[in-house]
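Undergrad: First, the structure itself, so that you have it in front of you.
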Amino acid sequence: MSDEDVMNPAPFRILNADGPSRWLVTCDHATNRVPPWVGGGDLGIAPADMARHIAYDVGAAGLTRALSALLDAPAILSDFSRLVIDPNRGEDDPTLLMRLYDGTVIPANKQADAAERERRLARLHRPYHEALAGLAARHPARCLCAIHSFTPQLRGRPPRPWQVGILYSHADARLGPPMVAACRDEGWITGENQPYDGHLEGDSIDRHALSQGRPNLLIEVRNDLIATPRGRASGPTGWRW
């Protein structure tokens, strides 16, 4: 490994790149890491906030790894915090660099100008998507499964009742509704395009699945259920991934 590789590691991790499954498992918000070249590795917010859902999808990386192993499928995980730049947003999305998230001001983003935005795009966002596109193209019948997690309650909002949410676009409902039905058959409290809408123009699913005609799912799991290895293994009512 060169000194350049040590100083500038790839902003993603790939698992089982040659896995034979048609599935590709993605985790856009796998980590809360801040590269040292962004604010000296500090966005200016408290460690407790960096441990919250605003910085990454708690438990999603572990669930992604488990699914990759179970399906013998390739997986790609981001290796930078969504607060640095959000890989699940298009380049022209106004929430690409969040300045305020769930009640927390992000000082390093409040001062970020167009040049800083471009620097983060070039070093983090674009390489991640280039790698994702390369993995997606390896199988002629590729399906995408995006893994996310959501917080049980946003500040000042009512508790969210769901254990899992299945998100899909109106433009491709091949897998979403059957997955909703399967989850509910298991007894899980399942949101259909909840807690978020299933279609966000320019997001990862739009870019790598919908625009390419690939079947896709976006699975959201309540993060308190998968925050530990035991929770990821058993789930809310003993699910088995």
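The values are calculated or read from the model by the stated rules, or taken from the named source; none is laboratory data. Nothing here was measured: the structure is a model prediction, and the numbers come from that model. Neighbour counts run over all protein chains shown; Cβ positions are idealised from the backbone, glycine included. In case anyone asks, the SASA skips ligands and DNA or RNA and just uses the protein heavy atoms, side chains included. Shrake-Rupley method; radii C 1.70, N 1.55, O 1.52, S 1.80 Å.
Undergrad: Evaluate the charge dipole of the chain about its Cα centre and quote only its size in Debye, nearest 20, assuming +1 on the Cβ of each Lys and Arg and -1 on the Cβ of each Asp and Glu.
TA: Charge dipole of the chain: 520 debye, to the nearest 20.
Undergrad: Separate question: Could you list which residues have their amide H under 5 Å from that of Ala146, counting only those 5 or more apart in sequence or on another chain, with H placed in the peptide plane?
TA: Those lying under 5 Å, H to H, from Ala146 are Thr26, Leu217, Leu218, Ile219.
Undergrad: Report the charge-dipole magnitude of region 116-178 in Debye, nearest 20, computed about the Cα centre from +1 at each Lys and Arg Cβ and -1 at each Asp and Glu Cβ.
TA: Using only the charged Cβ atoms, the result is roughly 200 debye.
Undergrad: Let me ask another. Per residue of region 16-29, in order, report the coupling 6.51 cos²θ - 1.76 cosθ + 1.60 (Karplus, θ = phi - 60°) as ³J(HN,Hα) in whole Hz, putting x for Gly and Pro.
TA: Taking θ as phi minus 60°, the curve returns 6, 4, 9, x, x, 4, 6, 6, 10, 9, 10, 9, 5, 10 Hz for region 16-29.
Undergrad: Using the Karplus curve 6.51 cos²θ - 1.76 cosθ + 1.60 with θ = phi - 60°, what ³J(HN,Hα) values do you get for each residue of region 144-156, in whole Hz, with x for Gly and Pro?
TA: Those phi angles translate into 10, 10, 9, 9, 9, 9, 10, 6, x, 7, 7, 4, x Hz.
Undergrad: Based on the alpha-carbon gyration tensor of region 145-201 and its eigenvalue square roots a ≥ b ≥ c, which shape applies: rounded if a/c is under 1.5, prolate if not and a/b is larger than b/c, or oblate?
TA: Oblate shape, in that a/c is at least 1.5 and b/c is the bigger or equal ratio.
Undergrad: When Lys and Arg each count +1 and Asp and Glu each count -1, what net charge do the other residues less than 13 Å away from Pro94, Cβ to Cβ, add up to?
TA: Around Pro94, the charge tally is -2.
Undergrad: As an exercise, take the mean of 1/r over every pair of distinct alpha carbons in region 51-155, invert it, and state the Kirkwood radius in angstroms.
TA: After inverting the mean inverse Cα-Cα distance, the result is 15.3 Å.
Undergrad: Gaussian network model of the chain, Cα springs within a sub-10 Å range: biggest mean-square fluctuation belongs to which of Pro74, Pro35, Pro20?
TA: Maximum among the listed residues: Pro20.
Undergrad: Per-residue ellipticity at 222 nm for the chain, helices alone: DSSP H runs ≥ 4 residues times -39500 (n - 2.57), over residue total, nearest 500 deg cm²/dmol?
TA: Computed mean residue ellipticity for the chain: -7000 deg cm²/dmol.
Undergrad: With the Cα gyration tensor of region 83-142 in hand, give its eigenvalues times 5 under a square root as the equivalent ellipsoid semi-axes, listed largest first in whole angstrom.
TA: 27, 13, 8
Undergrad: If region 113-241 were replaced by its equivalent ellipsoid, with semi-axes equal to the square roots of 5 times the Cα gyration tensor eigenvalues, what would those be, largest first, whole Å?
TA: After scaling each eigenvalue by five and taking roots: 27, 20, 15 Å.
Undergrad: Mind grabbing the accessible area of Arg214 for me, 1.4 Å probe, Å², rounded to tens?
TA: 40
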